[in-house]
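Participant: What follows is a single structure, and I will ask about it in a moment.
The values are calculated or read from the model by the stated rules, or taken from the named source; none is laboratory data. Keep in mind that this is a model prediction, so the values were computed, not measured. Don't worry about glycine lacking a Cβ; one is built from the backbone with ideal geometry, like all the others, and counts go over all protein chains shown. Surface areas here come from the heavy atoms of the whole protein model, side chains and all, with no ligands, DNA or RNA. Shrake-Rupley method; radii C 1.70, N 1.55, O 1.52, S 1.80 Å.
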Amino acid sequence: MSDRITRISPKRLHKTPGYHHITVVEAGRTAYLAGQCPLDRDGGLVGDGDPERQADQVAANALIALAAVGAGPEDVVRSVIYVCTDDAEVLAAVWRRLGDSVVGAAFTTASTLLGVSRLGYRGQLVEVDLTAALPG
């Protein structure tokens, strides 16, 4: 973890399943990644009907996008996870899968997990929106 990024969970707020309530970033450059989708390099949907497999592809794509700006999962300061479901078990499974993924450190920061009714691509069940504080 960088001395530019501080993650805080006030004791007067509820315990979280691995993320922090607040992330503070000292001045610097910021990268806002477009929502990472479960698409392969050719634009084909990966994991049709399988949210955990889609989470794996989203994580792999996010790692590539972060690397393109010289950042890693530890530089992420905000994440929003969208899952096309209203099932708490599916939401939890995607959260765990992303937390255990190649970008798992990204989800220890200020994070939001949302169940939504529709995402942009036909058959898409998972999308991740990341903001990173770029290394100096």
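Participant: For segment 66-90, how many residues are over 13 Å from Ser117 (Cα atoms), aliphatic (A, V, I, L, M) and crowded, with 17+ Cβ neighbours inside 10 Å?
Facilitator: Number of matching residues: 6.
Participant: Would you please list the contacts, defined by Cβ atoms under 7 Å and residues six or more apart or on different chains, that run from a residue in segment 9-37 that is of a type in the set (Asp, Glu) to a residue that is assigned to a loop (DSSP other than H, G, I, E, B)?
Facilitator: Hits for this filter: Glu26/Arg4.
Participant: Then there is this: Please count how many residues of segment 96-109 are open to solvent by less than 40 Å² (accessible area, probe 1.4 Å) and in a helix (DSSP H, G or I).
Facilitator: The number of residues fulfilling the criteria is 5.
Participant: Across segment 110-128, what is the number of residues that are crowded, with 16+ Cβ neighbours inside 10 Å and over 21 Å from Ala27 (Cα atoms)?
Facilitator: 7
Participant: With the requirement that a residue be over 22 Å from Val90 (Cβ atoms), over 15 Å from the mean Cα position of the chain (by Cα) and assigned to a loop (DSSP other than H, G, I, E, B), what does segment 22-58 give you?
Facilitator: Of everything in segment 22-58, those that are over 22 Å from Val90 (Cβ atoms), over 15 Å from the mean Cα position of the chain (by Cα) and assigned to a loop (DSSP other than H, G, I, E, B) turn out to be Glu26, Ala27, Gly28, Arg29, Asp40, Arg41, Asp42, Gly43, Gly44.
Participant: Let me ask something else. Looking at Val46, Val24, which one is surrounded by 14 or more Cβ atoms within 10 Å (Cβ to Cβ), within 28 Å of Gly70 (Cβ to Cβ) and not acidic (Asp, Glu)?
Facilitator: Val46
Participant: Consider segment 59-76. How many of its residues are in a helix (DSSP H, G or I) and farther than 12 Å from Gly104 by Cβ?
Facilitator: 8
Participant: What number of residues within segment 7-21 are in contact with a strand residue (DSSP E or B) (Cβ under 6 Å, 6 or more places away or on another chain) and open to solvent by 60 Å² or more (accessible area, probe 1.4 Å)?
Facilitator: The qualifying residues number 1.
Participant: Out of (1) part of a helix (DSSP H, G or I); (2) of a type in the set (A, V, I, L, M); (3) at pLDDT below 95, what's the single condition that is false for Val90?
Facilitator: In the conditions (1) part of a helix (DSSP H, G or I); (2) of a type in the set (A, V, I, L, M); (3) at pLDDT below 95, Val90 misses (3) alone.
Participant: Further question on the same structure: Looking only at segment 1-30, which residues are charged (D, E, K, R) and within 22 Å of Leu134 (Cα to Cα)?
Facilitator: Of everything in segment 1-30, those that are charged (D, E, K, R) and within 22 Å of Leu134 (Cα to Cα) turn out to be Asp3, Arg4, Arg7, Glu26, Arg29.
Participant: Since Thr16 meets every condition but one in (1) of a type in the set (S, T, N, Q); (2) farther than 27 Å from Arg118 by Cα; (3) part of a loop (DSSP other than H, G, I, E, B), which condition does it not meet?
Facilitator: It is condition (2) that Thr16 fails.
Participant: Still on this structure: Report, by residue number, each residue of segment 100-121 that is at pLDDT 95 or above and either among the β-branched types (Val, Ile, Thr) or over 18 Å from Leu33 (Cβ atoms) (or both).
Facilitator: Residues satisfying the conditions are Asp100, Val102, Val103, Thr112, Gly115, Val116, Ser117, Arg118.
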